[in-house]
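**Student:** Okay, handing you the structure first.
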Amino acid sequence: MEQVSRQPLGDYLASNLWKPIEMQDATFHLSESQRAPGASISTRPADGKTTRD
């Protein structure tokens, strides 16, 4: 995508996806204030037991 658009991926997504649909908090790196209301993340390691991070 970066080669075709000649923009960093984050810039391309911001101008062509997030801004047109008015998605203001989209980011690759969450701040603490963005993390707080989010859902928890579950993982399933090789032993098959689900854990929450």
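**Student:** With every protein chain present, what is the per residue accessible area of the chain (1.4 Å probe, Å²)?
**Tutor:** 93 Å²
**Student:** Please state the relative contact order of the chain as a whole percent: Cα pairs under 8 Å, 6+ residues apart?
**Tutor:** Reported relative contact order: 18 percent.
**Student:** Right, another one. Within the set of other residues whose C-beta is less than 14 Å from the C-beta of residue 15, count the net charge using Lys and Arg as +1 and Asp and Glu as -1.
**Tutor:** -1
The values are calculated or read from the model by the stated rules, or taken from the named source; none is laboratory data. This structure is a prediction, so every number in the text was calculated from the model and none was measured. Because the Cβ atoms are built from the backbone with ideal geometry, glycine has one as well, and the counts that use them run over all protein chains shown. Note: accessible area is taken over every heavy atom of the protein model, side chains too, but ligands, DNA and RNA are not part of it. Shrake-Rupley method; radii C 1.70, N 1.55, O 1.52, S 1.80 Å.
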